[in-house]
Each structure stands twice: as structure tokens, then as C-alpha cells.
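To start, the structure itself, in C-alpha cells.
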Amino acid sequence: MLIVDSHQDLAWNMLTFGRDYTHSAEETRLSEEGSQAPIRNGDSLLGWPDYQRGQVAVVFSTLFAAPQRHKLGDWDTLTYTNSDQAHSSYSTQLDAYHRLVDEHPDKFRLVQTLQDLDEILTHWEQDEVGEHPVGLVILMEGAEGVRKPSELDEWWERGVRLIGPAWAGTRFCGGTREPGPLTQEGYALLEGMAEFGFTLDLTHMDEQAVLQALDAYSGTIVATHSNPQALLKSADTNRFLSDQVLNGLIERDGIVGIPPFNKFLRWEWTSSEGRDAIPLELVVDHIDYICQLAGDANHVGIGSDFDGGFGLQSVPAEIDSIADLQKLVPLLGKKGYTESDIAAVMGSNWLSLLRQTLPSSI
Ligand SMILES: [Zn+2]
């Protein structure tokens, strides 16, 4: 069963830690023993051989940089103090993806059009055991790199297909731990995004801004890596999605990607408990919560965020690499999901959304 993962910070890892995702997660862990990367970001869960074993056909791959006020140390190099620096950092990451696909076309390809997507899927569908290229859909996380809406043209041309206006707060809207509404610039950004057909990613936007965006944005809306707030009642944060937001997203035919991150599965979890404390069934509970709200299995998927600030040490014990997300298939079955509903959750919901939003050709 094919997996589509709606959130991985591949370029951030490639440029911050020198991670080479043509290698397996295990190879990366071995090569990083004694280095800073596993201390700062946990042991890697990602790599091309793992995508093959786990049938991960498409990955939404981010451009991400943090504002200087959130810099975590000297090692944290992709930070910015103004939009020119943000632009340059996001641009360097986009170049890194272009380089990756140019150097390894057998392993990774950019998905910018329907034709690109069809080529990837044909590969995976015609031969279950062969080696297949993984499709990368470019997602901009935090839009500070867009200096003015007229620049959206350039980002679209270079392959960006989804944009999340916030991570922390930006000049467009409030973000995680930094609440606030959509600003005038935020509204202008959304207007520009809709003209090109960018998909709007609500993840990290503050709820006030999300509710405004659900009203204002005429294009497709998703949340690539967010969990339902109702299952994290003790959390004092704006990082999760309230039922009001989830219902709004469902009404707009959006999709929520669930990250299997222990802290986001049970807020009380601490690393001292170890990864054994969180069973993989909790991921199914988060998926099921969205399905119960929607009344169907068409509005949820996986948005792992693996290697995005956490790694092996912070995911359920059944997961040794991304390939083990396939273990969700029997668990969803046990919960009563049909085969087609399971396929929807694992990947085909995101594929349908891509079919509706990607241009047929450039
Ligand atoms: Zn994020």
C-alpha cells in the first residue's frame, strides 16, 4: 500500500547536518555516531532505501528556516533576521532539492505537474518490488522568504506547490507560541497564492489567523502536520487544531496529516519515559478522531515530520524508520477500517488532492 507523507524537512537536514537521504536511516545513524546531529535532532528515521521498503512514493519536502529569535545554537545555521535573509535561505534549500533530483534521477524526482505525478505512480504501480523514484512535492514552511506577493511567480516557477504562511509568527500572521491574526500582508499573500493555485498549509498558524484564512482563502486548504487538540487536552499551546478548525477544514474538503511524534500523541510524554511508553495505536486514535468528525476517511493522512526536530528516540517503539509506518495498515484494519479507507489514509487522500491541485504541465 503506497504511502504519501505530507511533511519532511529534508533540505533543512541536508544543509544543517549534511544528511544524505540517498542512504538508509541506519547508515545515517552509523555515520553520525558521536556527532552533533543525533543530539540536536535525534537519530534519523528517513532515507531512500527506507522509502523503498515502506512504499513511500511521494514526500512533501519543505523549505524551512527559523527567525533568529528562535536560533537554537551555533549549529542552527538556517536562521534569518529579515526577509532578504529568509529569501536567500529558502532559495538555497530549493536549489538543494533541484541538485538532489539532478544527481539522483533514479531515486528522487520533483513533482511539479500532474505528468510528474503520473510518472512516479506508474513506476510504483507497475512493479511492486523494484526500485522506484520518490516524488518530492515542495512545501514552503513559514513564508517569510516571500518578500512580496509578486515574487510568488518565481517560487511557483521553481517548483513550490504548497505554502504555510507561519512557523513562529511571521509578518503575515500569528504562529506557534506567537499568537495573532492575519495581517494586511497576510491577506495579500493569500490573494496572490490563490491566483497561482498554491495549496495553503494551516499548520503552525495561530487559530485566529486560521479562522480568517478559512473564510478568505479561495484555494485548496490543508494542514500538513497537525494533531487534534481534543486528544491533547492538557497542552497549553496553539500548535494543535481545535474541533472548530478541523470542521472548517473538512467543510473545505481539506486534509490533515498526522505526525507520529510521541509528544504530540500524548502531551505528558517525556523522553525519560522512553519510546516504549507510546503505542503505535495512539497514531490510529488520532487518525480515527478526524475520521469520526468527518464521517469518512477522506480528510486525514500521514504528515510524519520525521527528522523535523525529533528522531528515533521520540516516536513509538514499533517505528525504527519511516518504512514501519506500514504497521499502521493492520492496526487500522483492527479498528474496523476497510481496505479502501486504509489506502485513503495511507496515501490516496493526498494523491487525490495533488491530482486536483497540480497543473497538468508547466
Ligand atoms: Zn513544522
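Observations, loosely collected:
- Entry note: the stretch 154-231 has Rg to Rh equal to 0.96, where both radii use alpha-carbon atoms and Rh is the Kirkwood radius.
- Backbone amide hydrogens, once placed in the peptide plane, bring Arg19 within less than 5 Å of Met14, excluding anything fewer than 5 places away on its chain.
- Summed residue charge, Cβ within 14 Å of Pro330's Cβ, Lys/Arg positive, Asp/Glu negative: -2
- The stretch 1-93 shape via C-alpha gyration tensor axes, a/c threshold 1.5: oblate
- In order through the stretch 296-311: 3J(HN,Hα) via Karplus (6.51 cos²θ - 1.76 cosθ + 1.60), integer Hz, x for Gly, Pro: 7, 9, 9, 10, 9, x, 10, x, 4, 6, 4, 6, x, x, 8, x
- Debye log10 I(q)/I(0) for the stretch 88-140, one point scatterer per Cα, at q = 0.12 Å⁻¹: -0.29
- Cα gyration tensor, the stretch 67-190 - rounded (a/c under 1.5), prolate or oblate: prolate
- Only beta bridges with both residues in the chain are counted; by DSSP, about 5 percent of them are antiparallel.
- Gyration tensor over the Cα atoms of the chain: the corresponding equivalent ellipsoid has semi-axes (square roots of 5 times the eigenvalues, largest first) of 26, 24, 22 Å.
- Within the straight-line cut-off of under 28 Å between alpha carbons, the lysines reachable from Lys148 are Lys71, sequence neighbours fewer than 8 places apart in one chain being disregarded.
- Under-5 Å amide H pairs with Gly197, H placed in peptide plane, nonlocal only: none
- Glu251, Glu33, Glu151, Glu273, ranked by accessible area, largest first (probe 1.4 Å): Glu251, Glu33, Glu273, Glu151
- Looking at the stretch 188-274, the trypsin sites (Lys or Arg not before Pro) that sit in a DSSP loop and have at most 12 other Cβ atoms within 10 Å of their own Cβ are Lys233.
- About the centre of its Cα atoms, the stretch 117-195 shows a dipole size close to 640 debye [charges on the beta carbon of Lys, Arg (+1) and Asp, Glu (-1) only; nearest 20 debye].
- Among Met14, Met193, the sequence by solvent-accessible area, most first, with a 1.4 Å probe is Met14, Met193.
- Solvent-accessible area, 1.4 Å probe, carbon plus sulfur percent, for the chain: 48 percent
- Each Cα pair under 8 Å and six or more residues apart adds its separation to the average, and for the stretch 111-160 the resulting relative contact order is 42 percent.
- For the chain, accessible area per residue (1.4 Å probe, heavy atoms of protein chains only), Å²: 38 Å²
The values are calculated or read from the model by the stated rules, or taken from the named source; none is laboratory data. All values reported here derive from a predicted model rather than from experimental measurement. Cβ coordinates were reconstructed from backbone atoms using ideal geometry, including for glycine residues, and neighbour counts include every protein chain displayed. Protein only, heavy atoms only, side chains kept; ligands, DNA and RNA dropped before computing areas. Shrake-Rupley method; radii C 1.70, N 1.55, O 1.52, S 1.80 Å.
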